[in-house]
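A short write-up of the structure that comes next.
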Amino acid sequence: MAAVASLPALDWHAAQDGAAMLAQNRRMTGRIIAVAEDLGLALVTPRPEAQRGGSVMIRLASPEAAQATLAAFRATGLYADARGPVLRVSPGFVTTDEGVDRLIAALPGMRA
Amino acid sequence: MTDGSGYFLYHSIGQYPGKVEALSRAMGDFARVWGACDDGQWAYALSQRARFVDRWRAIIAAPEGSVTTCESVTQGLHMLLTALPKDRLRGKRVLVAGDCFPSNHFLLTGLQERFGFTLDTVPLRQGAAWVEDEDLLAAWGPDVGLALITWVSSTSSHRADLGPLVAHGRRMGSVIGVDITQAAGSCRSA
């Protein structure tokens, strides 16, 4: 049943331009990393593209701070998750540049 | 706002346009076939599974007959371990990085006694967020029966350089597993 449920996604993925999807992710994660660095946030993810995957991880002060950040995100239509104090954000095909703008606008609030 | 614009969970569930409609159709098709009072269930289920396997073979460029299915990453690792010849790992080290998927590490820890191997976990350097490839290489000798490489870490998104790691592992004669969960279908390996 898991295979049946996954097939629509796999069929969709097979029809996409993989290079374009990767480029979109690189552009969006690059923007997030650049702003996080400027703000002095504790980036957990390597900076060079060749050394990282499609996610950006930022270490916050505590697991509680991470959960509070996620709650604040939800209020503005942003959806991410956390593992302990580490926030994980991974943009993809449906993520828009405007959505990245909203995420970036929320980053300064993570410095506390 | 759930229009997808602020969706940043591609390391987890993921999204694509029309997902609700496509998934609803697929589940509806499954229900109609599986609930029918005829004998068409297994042909349908097996054909869907075969198509699923073929889609994955295309993503990872795997030859026909080399791919099977599992319910989770950890179950897949368990299947690999239990498929090895008897005593293949006895007296050997199993090498894994400290930033691997936690449930994989939990599984390997628990299976040491049963399979007779010693789990050797390469640690993160002090203050580091990922295990350096060179540290994994330094710990990888000919006594390593199995090495599990995490291609992209779920805790940092650090991407290991697979080429040199796999080449080294082959020289050492190790069985090499690569956890591709966080990058399959997106990043390219060496």
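Rule-based calculations on the coordinates, nothing more; no lab input. Since the model is a prediction, treat every value here as computed from it, not as a measurement. No Cβ is skipped: glycine too gets one built from the backbone with ideal geometry, and neighbour counts run over all protein chains shown.
Restricting the search to the stretch B:17-30, which residues are part of a loop (DSSP other than H, G, I, E, B) and farther than 22 Å from residue A:101 by Cβ?
B:18
If a residue must be acidic (Asp, Glu) and at positive phi, how many such residues does the stretch B:127-153 contain?
Going through the stretch B:127-153 one residue at a time, the tally reaches 0.
List pairs: first residue in the stretch B:125-141 and small (Gly, Ala, Ser), second residue in a loop (DSSP other than H, G, I, E, B) anywhere in the structure, Cβ distance under 8 angstrom, at least six positions apart or on different chains.
What qualifies is B:129/A:44; B:129/A:45; B:129/B:99; B:129/B:155; B:129/B:156.
Looking only at residues that are part of a loop (DSSP other than H, G, I, E, B) and touching an Asp or Glu at 6+ places or on another chain (Cβ under 9 Å) in the stretch B:31-85, which one is nearest to residue B:107 (Cα to Cα)?
So, considering only residues that are part of a loop (DSSP other than H, G, I, E, B) and touching an Asp or Glu at 6+ places or on another chain (Cβ under 9 Å), the one nearest to residue B:107 (Cα to Cα) is B:67.
Working carefully through the options A:80, A:72, find the one that is more than 20 Å from residue B:159 (Cα to Cα) and surrounded by 14 or more Cβ atoms within 10 Å (Cβ to Cβ).
A:80
Answer yes or no as to whether residue A:55 is more than 21 Å from residue B:19 (Cα to Cα), hydroxyl-bearing (Ser, Thr, Tyr) and exposed (fewer than 13 other Cβ atoms within 10 Å of the Cβ).
Against the criterion (more than 21 Å from residue B:19 (Cα to Cα), hydroxyl-bearing (Ser, Thr, Tyr) and exposed (fewer than 13 other Cβ atoms within 10 Å of the Cβ)), residue A:55 does not qualify.
Looking at the stretch B:126-177, which of its residues are farther than 26 Å from residue B:75 by Cβ, in a loop (DSSP other than H, G, I, E, B) and out of contact with any helix residue (DSSP H, G or I) (no Cβ under 7 Å at 6 or more places or on another chain)?
B:126, B:127, B:128, B:129, B:132, B:143, B:173
Among the residues of the stretch B:142-165, is any surrounded by fewer than 14 Cβ atoms within 10 Å (Cβ to Cβ) and either hydrophobic (A, V, I, L, M, F, W, C) or touching a residue at least 60 places away in the same chain (Cβ under 8 Å) (or both)?
no
Kindly establish whether residue B:123 is out of contact with any helix residue (DSSP H, G or I) (no Cβ under 7 Å at 6 or more places or on another chain) and away from chain A (no Cβ under 11 Å).
Yes.
Anything in the stretch B:110-125 that is touching a strand residue (DSSP E or B) at 6+ places or on another chain (Cβ under 6 Å) and in a helix (DSSP H, G or I)? List them, or say none.
B:112
Could you say whether any residue in the stretch B:23-38 is facing chain A (nearest Cβ under 7 Å) and of a type in the set (D, E, K, R)?
no
Take the conditions surrounded by 18 or more Cβ atoms within 10 Å (Cβ to Cβ) and of a type outside the set (D, E, K, R) and apply them to residue B:46. Does it pass?
So residue B:46 does not fit the description; no.
Is it the case that the stretch B:14-22 has a residue that's surrounded by 11 or more Cβ atoms within 10 Å (Cβ to Cβ) and under 24 Å from residue B:153 (Cβ atoms)?
Taking every residue of the stretch B:14-22 in turn, at least one turns out to be surrounded by 11 or more Cβ atoms within 10 Å (Cβ to Cβ) and under 24 Å from residue B:153 (Cβ atoms).
Can you tell me how many residues in the stretch A:66-104 are in a helix (DSSP H, G or I), within 11 Å of chain B (Cβ to nearest Cβ), farther than 14 Å from residue A:28 by Cα and over 13 Å from the mean Cα position of the chain (by Cα)?
Qualifying residue count, the stretch A:66-104: 2.
Look at residue B:179 and say whether it is charged (D, E, K, R) and under 13 Å from the mean Cα position of the chain (by Cα).
For residue B:179, the condition - charged (D, E, K, R) and under 13 Å from the mean Cα position of the chain (by Cα) - is met.
Suppose we filter the stretch A:28-62 for residues that are within 20 Å of residue B:153 (Cα to Cα), more than 10 Å from every other protein chain (Cβ to nearest Cβ) and not aliphatic (A, V, I, L, M); how many remain?
Of the residues in the stretch A:28-62, 2 are within 20 Å of residue B:153 (Cα to Cα), more than 10 Å from every other protein chain (Cβ to nearest Cβ) and not aliphatic (A, V, I, L, M).
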